[in-house]
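Laboratory data are not the source of any read-out in this text; all were calculated from the coordinates shown. Predicted model only: the values in this text are computed from it and were never measured. As a convention, Cβ positions derive from the backbone with ideal geometry for all residues, glycine included, and neighbour counts pool all protein chains shown.
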Amino acid sequence: MPIHPVVKNQLQLTLLLVVCLGSLTLRSQVPIYNSYPAVAPVIFLDFDGHTVSGTGWNFDGPIYCGASGLDSTKITEIFNRVAEDYRPFTVNVTTDSTRYWSAPANQRTRVVVTVTSDWYGSAGGVSFIGSFTWGDNTPCFVFSELLGYKTKNVAEAVSHEAGHTLGLRHQSTYDTNCVLISDYNTGVGTGELSWAPIMGEGYSRNLTTWYNGPSSLGCTEFQNDLDVITSAINGITYRLDYQPTSFGSAPVQTFTNNQFTASSIIVRNTDEDMFKFTLPSLHSFQLSAIPFNVGAGNSGANGRSTQTAEGQPARQGAGQNQPVQKRRGRCAGSACGEKVGGRITRVSV
Amino acid sequence: MKNLKLAAFCLCLTFCCVYSLAQNVQKRSVPVNEPDYSKPKLFADLPERINFDPTHLLDLFNTPVGQSISLEVTSAFTLSGLVVSKANDQNSASVVLRLTSRPGARLIFTKLTGANTPIKYIGRIISLTHGDSYEINSENGQYYFKKKGIYELVTE
């Protein structure tokens, strides 16, 4: 049956409009991720805009925060980076608002990643210290435009600001006379072998970790980030270990085509994960430890993990812990992974 | 022809929308601000701790946004200002009072009403342009404003 030309034109126009609207809608969708959906505490990464009312940020009325301006590929990488920072803990890093609303009111925080910063000023982000437990929906903010929409920068700021809501202060640097040099410990090193504390300033450093060092309270006021995050008030603990720590109960690995692969998560900086295998005859054995790769490649400041198995940045200031201290586990008869102090890293063998 | 123009207009509109949303990837330095520990004090004339009865602040929740209110916290400490923001959910009710009695500062007062927990009040008086602030605490049922440095509460 022939279609009337007017109807045909109208249909074509409608189709065109649907395609146009569809493309815009698809562009603004935020992928849903959860790093640990089985636990109650939540860090919600809010990328699609939010109106803030009735909080300490509302100096002059509601704050209408625009969306982050980040596409789904960048959001995915930012989520992966932040989730990896919080992997040792029983907290669910999520992009799903329903997870936020179903979490206990005093065990959740919303990180608003937004282009809207004029209400505050020029900063990478801002938080209230300890607001995770307040129960009044006070969010913290990360300003994506001011961070150049760079995944590394935004992810660093998200982990940092979320850390503040969990009660963390800055990791700072002082001179030998205890005079404050900078509120932000900017770390050490360049390129692949550079490091800074998450609660310092690590935008230009390849690796960032939780740290135990002098805080903004004073040169003798050490802050162990891990202890603060897992303090009772937050209701967050270390997650259960994934692999046995004794050789006797280590899972037996079986060879396929002369190789096997096993993986785990280093939950604490004292963690030991054991695997065991039997060589059928006298052969050489090659072990390859492959740290978990968070970002899209590990070039310069965009990378994060590969160098952890290779290098050890120098100690910083008066910090007690070596942030990226390598320590080899016992590998006689069993395969062991690299260990990263204060830092979670997946290792494949 | 008319539809062709419309189609072209739609395509142009889509392009403009996408372009306007495009990310600005120009190189710029990341803003990192050192705290200014020399900010002026707003509460220098007030003590470190001010005991109060939170029921004296409950009128805040009945005051609509845009309306002024004056609350006598103690005989020596009155909070006057304009309600600028409110929020409610099943667990909490919050109100923000822009103070005229302490220009630059805001009182944020929240009533927490958990299902199986007694009513609890939290809040703060803050000004980002000043170096001091107050936070509401409670101890053995006694509520009090506790003086704090602004960077003990707010940080970048």
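Per-residue shielding of A:47-56, expressed as the average number of other chain Cβ atoms within 10 Å of the residue Cβ, stands at 5.
Can you tell me how the range B:68-156 classifies by the Cα gyration tensor, rounded, prolate or oblate, using a/c under 1.5 as the rounded cut? Intermediate results must be reported in sequence, preceding the final value.
Details: a/c = 1.45, a/b = 1.34, b/c = 1.08.
Note, shape of the range B:68-156 comes out rounded.
Residue by residue through A:138-147, how many Cβ atoms from other chains fall within 10 Å of the Cβ on average?
That average works out to 2.
Annotation for the range A:62-122 versus the range B:61-104: alpha-carbon center distance of 29 Å. Close amide H partners of B:Ser92, meaning residues 5 or more places away or on another chain with modelled amide H under 5 Å apart, are B:Thr113. Phi angles across the range A:222-237 convert, under the Karplus curve 6.51 cos²θ - 1.76 cosθ + 1.60 with θ = phi - 60°, into 3J(HN,Hα) values of 6, 10, 8, 4, 5, 5, 5, 4, 8, 5, 4, 4, 7, x, 10, 10 Hz, Gly and Pro given as x.
Across the range A:123-138, rounded Karplus estimates of 3J(HN,Hα) from the backbone phi angles (6.51 cos²θ - 1.76 cosθ + 1.60, θ = phi - 60°) give 6, x, x, 7, 9, 9, 6, x, 5, 3, 9, 5, x, 10, 6, 6 Hz, Gly and Pro being marked x.
I need A:Asp118, A:Asp60, A:Asp48 ordered by Cβ neighbour count within 10 Å, fewest first. The partial results should precede the final answer.
Details: A:Asp118 9, A:Asp60 12, A:Asp48 18.
Neighbour counts put them in this order, fewest first: A:Asp118, A:Asp60, A:Asp48.
Going by neighbour counts of Cβ atoms within 10 Å, the residues A:Trp119, A:Trp210, A:Trp134 line up, fewest first, as A:Trp119, A:Trp134, A:Trp210. For the residues of B:85-94, the average number of beta carbons from a partner chain within 10 Å of their own beta carbon is 6. Taking amide H as placed 1.01 Å from N in the peptide plane, A:Thr209 has its amide H under 5 Å from the amide H of A:Ala196, A:Ile198, each at least 5 places away in sequence or on another chain.
Annotation: the residues A:Val93, A:Val188, sorted from fewest to most other C-beta atoms within 10 Å of their own C-beta, follow the order A:Val188, A:Val93.
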